[in-house]
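Scroll down for the structure; my scribbles are underneath it.
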Protein chains: 2
Amino acid sequence: VTQNGEAIGPAHIEDVARRAGVSTATVSRSLRGLDRVAPRTRERVARAAQELHYVPSPAASQLASRRTQSVGVVVISSGRWFWSEVVCGAEAVLRSSGYDTLLYIVDDPSGRRQFFDLMPLRRRVDAVMVLGSSVTGREQDALRRVDVPVVLVGGRMPGGASVRIDDTSAAVTAARHLIALGHRDVVMVCSKATDPSSRRTTRLRRQGFERALHEHGVHGRVLVTHPGVDGGAAAVEAMLSSGDLPTAVFAEGDELALGALRTLRRAGISVPEEVSVLGFDDHELADAADLTTISRSPNAHGHSAAMLLLSALGPVPSRPADVVLPTRLVLRGTTGAPPKSAGT
Amino acid sequence: VTQNGEAIGPAHIEDVARRAGVSTATVSRSLRGLDRVAPRTRERVARAAQELHYVPSPAASQLASRRTQSVGVVVISSGRWFWSEVVCGAEAVLRSSGYDTLLYIVDDPSGRRQFFDLMPLRRRVDAVMVLGSSVTGREQDALRRVDVPVVLVGGRMPGGASVRIDDTSAAVTAARHLIALGHRDVVMVCSKATDPSSRRTTRLRRQGFERALHEHGVHGRVLVTHPGVDGGAAAVEAMLSSGDLPTAVFAEGDELALGALRTLRRAGISVPEEVSVLGFDDHELADAADLTTISRSPNAHGHSAAMLLLSALGPVPSRPADVVLPTRLVLRGTTGAPPKSAGT
């Protein structure tokens, strides 16, 4: 701040005090609305603060209130597309309530371990949102030590709030759709994830697939491949080389399904006339690929999770809730009846 | 903290002082490594702090140092996929250097205006990363008032650091590829964005397209549609209904290209035999769609931008740099020679 009081950088409390001709303690009491300050003084302080573009230091207010007005969002295992949508939904709610969003992306095993060992959230956030389908016991202990409300988005956590879908029943719906179309030879393509959270999601979806097939006495196989588009492509390549292509493929995620579609297209196999393909997630580009899939709204996950945290931080906190959001089957162009020659 | 000193919540400095039998001022001086504390006292304080899982309050250290150890990342206009990749690249670098990432997603016009009016970053961050292709004069003033290093990812900013690609020359490369394949009737599909940043990117890419066509005396048209997959689909539908389909489509973004591919596939038009399609961005799913496109690395954008900020915060800050990252043409299955009947 220059001598004539023009701001050339952020003003400090001392600058406001000098301009208003009062002590820094008076500036602080005045701006915090404490009533031991004369109205005329308060007005002078407010005018000086405004003229100098002075903003009270968040660190100072935080020290006084022991609140940080920040929420930590920790991504431990979720696809890029999913977490960015969740974060978007959550950040909008938090920002409109005056909270900052601190983002930590620790989806690699070593980063994740280090993060929970150091636990940089302590004293830095008022609440924590974890994105992933499960949290280890050790991680739960670390979160408990932060001693703020926690919500898990994508799975359940003992004693904590959660926002998730019912993976098993969504997979039952998907498999039933293929069975209803007449498919009697269905392969589920799953990925072999390295982290326990993704493995858990896979297990739940696989259980749903197997339950639906069992109900209808339908023959089904499970093929395990590596994650992502290339994993889906490799799975179909393997089936093509062994001459053992089913009439329908249910991929546990859209990226696997898109990879499967790519290999089928390259091999000149028409979808859905010869092979049906069904995904899971309704990735933003599933529509462009005309992929039939299971849809959930990650944005709604973020929104609900932020609301749970705000409610826990409010004057009447409620018990941690387990919110199960709906899913639905989105019919597009990659599923149809099996070819007649596949006769059953 | 209970009477026997077992932590049941985060310990405060008073708890450590009581356990170590010293004043809170001594705890503070001791843990900050100031040398007015006797070695034996310092050891006792360190042990008490460890036993109580005490972490010095970031707000308190921040008040002392006037550093927040946080970087604000502000998304003003970028596709979901692009910004999530940039944030991922940046967050990893910042976290490994001990900085937190505060994320603000203000890509809607009213949220953006409100954000720059309130400017919640003041006193809260040590540096700012803005994601978008341009920043208005008013926004630049608001950023200047925060008085910390700023980097723009995705465009240039007067007086500030930037990390970007050369959109125009990348578009020249794309158009030249189509011309080299023999195309003499090319349509560029652009989207009519509502925000000035996206409009600027469109203008730069369009200039490149027009320059390449002009160089080779090739006939070209520009078709403006709405953004996203549906915009690309609508553009091709319009050309189909007017019976005026070119032999090649250059979309200014991959989502537009994927929409174009969807309409062509639904209309039974084979790609690239009848129509070639070329995108821009190398979206994570461009590979699944076999889309020929211009590739850039958003993760590398985030990494470089974080490095620029860390360097500006370091002991020997350098002048704001303008980093232009490379792009390359990725040849996949959606571009080929024009059909012979299109004879030139």
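The values are calculated or read from the model by the stated rules, or taken from the named source; none is laboratory data. Quick caveat: nothing in here was measured; it's all calculated off a predicted structure. As a convention, Cβ positions derive from the backbone with ideal geometry for all residues, glycine included, and neighbour counts pool all protein chains shown. SASA here: full protein model, heavy atoms, side chains in, ligands and nucleic acids out. Shrake-Rupley method; radii C 1.70, N 1.55, O 1.52, S 1.80 Å.
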task: Identify all residues within segment B:220-252 that are over 21 Å from B:Thr292 (Cβ atoms) and out of contact with any Ser or Thr (no Cβ under 8 Å at 6 or more places or on another chain); write none if there are none.
output: B:Asp230, B:Ser241, B:Ser242, B:Gly243, B:Asp244
message: For segment B:38-57: of the residues being open to solvent by less than 40 Å² (accessible area, probe 1.4 Å) and modelled with pLDDT of 75 or more, which is nearest to A:Asp126 (Cα to Cα)?
response: B:Leu52
message: Of everything in segment B:135-165, what is within 14 Å of chain A (Cβ to nearest Cβ), open to solvent by less than 20 Å² (accessible area, probe 1.4 Å) and either in a loop (DSSP other than H, G, I, E, B) or in contact with a Lys or Arg (Cβ under 6 Å, 6 or more places away or on another chain) (or both)? Give them in sequence order.
response: B:Val146
- line: When restricted to A:Val330, A:Val229, the only residue within 12 Å of another protein chain (Cβ to nearest Cβ), on the phi < 0 side of the Ramachandran plot and under 22 Å from the mean Cα position of the chain (by Cα) is A:Val229
query: For B:His214, are the conditions met, namely being more than 23 Å from A:Arg266 (Cα to Cα) and at pLDDT below 95?
result: no
statement: The residue that is nearest to the other protein chains (Cβ to nearest Cβ), considering only those in segment B:76-134 that are open to solvent by 10 Å² or more (accessible area, probe 1.4 Å), part of a helix (DSSP H, G or I) and acidic (Asp, Glu), is B:Glu85
- prompt: Going by the structure shown, is B:Ile269 open to solvent by 10 Å² or more (accessible area, probe 1.4 Å) and either among the hydroxyl-bearing types (Ser, Thr, Tyr) or at pLDDT 95 or above (or both)?
  reply: yes
message: Tally up the residues in segment A:284-303 that are in contact with a strand residue (DSSP E or B) (Cβ under 8 Å, 6 or more places away or on another chain), crowded, with 24+ Cβ neighbours inside 10 Å and closer than 20 Å to A:Gly89 by Cβ, please.
response: 5
query: Does segment B:291-305 contain at least one residue that is farther than 17 Å from B:His177 by Cβ, among the hydrophobic types (A, V, I, L, M, F, W, C) and at pLDDT 95 or above?
result: yes
Unmet criterion (only one of (1) free of Cβ contacts under 8 Å to residues at least 60 places away in the same chain; (2) in contact with a Phe, Trp or Tyr (Cβ under 8 Å, 6 or more places away or on another chain)) for A:Leu152: (2)
query: Out of all the residues in segment A:225-233, is one or more at pLDDT 95 or above, buried (at least 19 other Cβ atoms within 10 Å of the Cβ) and within 21 Å of A:His177 (Cα to Cα)?
result: yes
query: If you take just the helices (runs of 4 or more DSSP H) that sit entirely in segment A:227-344, which of them hold at least 2 residues that are free of Cβ contacts under 8 Å to residues at least 12 places away in the same chain?
result: A:254-266
statement: Over segment A:169-199, the set of residues more than 28 Å from A:Arg112 (Cβ to Cβ), among the β-branched types (Val, Ile, Thr) and not in a helix (DSSP H, G or I) is A:Val186, A:Val187
- request: State whether one or more residues within segment B:201-213 are part of a helix (DSSP H, G or I), of a type in the set (A, V, I, L, M) and within 12 Å of chain A (Cβ to nearest Cβ).
  value: no
